[in-house]
Amino acid sequence: MPRRYYVLFLIELQTRRVHLAGTTANPDRQWMTQQARNLGLSGALEDVKFLIRDRDAKFVTGFDEVFPTEGIKASERRSAHRRPTRTPNASCGPHGPNAWIGC
């Protein structure tokens, strides 16, 4: 039976270096906050000035509170309003030059 595991990692945009923070089957509040603390203690955040994360509910207040103590400004990524994508396949919805993917 397949199991779902969650992996918490950070990517440095400038160097494209990936830092693995941890894996778990149950990412609760305490686990997420502890992983943020571990990143600070490991030295992985030494040159980091900004942390951009998504709006997932797993990123709790305790997670965000760790980074200012390390001198890092944390912000959540706002989800961009997605525009529909035009499709070249006229059989998948409305026909014509202004057809949008909707199937």
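The values are calculated or read from the model by the stated rules, or taken from the named source; none is laboratory data. Since the model is a prediction, treat every value here as computed from it, not as a measurement. Please note: Cβ atoms are built from the backbone with ideal geometry, for glycine as well, and neighbour counts cover all protein chains shown. The area values use the complete protein model at the heavy-atom level, side chains included, leaving out ligands, DNA and RNA. Shrake-Rupley method; radii C 1.70, N 1.55, O 1.52, S 1.80 Å.
Laid out as a table, the results:
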quantity: Debye, to nearest 20: dipole size of region 1-78, +1 on Lys, Arg Cβ, -1 on Asp, Glu Cβ; calculated: 320 debye
quantity: Paramagnetic label zone (point 7 Å from Cα along Cα-to-C-beta, LYS58; backbone N under 16 Å) in region 10-33; calculated: 10-11, 19-33
quantity: R0 of 30 Å, Cβ-Cβ distance GLU65-THR15: FRET efficiency to nearest 0.05; calculated: 0.70
quantity: Accessible-area ranking of MET1, MET32, largest first, probe 1.4 Å; calculated: MET1, MET32
quantity: Karplus 3J(HN,Hα) series, Hz, for region 42-50 with 6.51 cos²θ - 1.76 cosθ + 1.60 (x for Gly, Pro); calculated: 6, x, 5, 9, 4, 9, 7, 10, 9
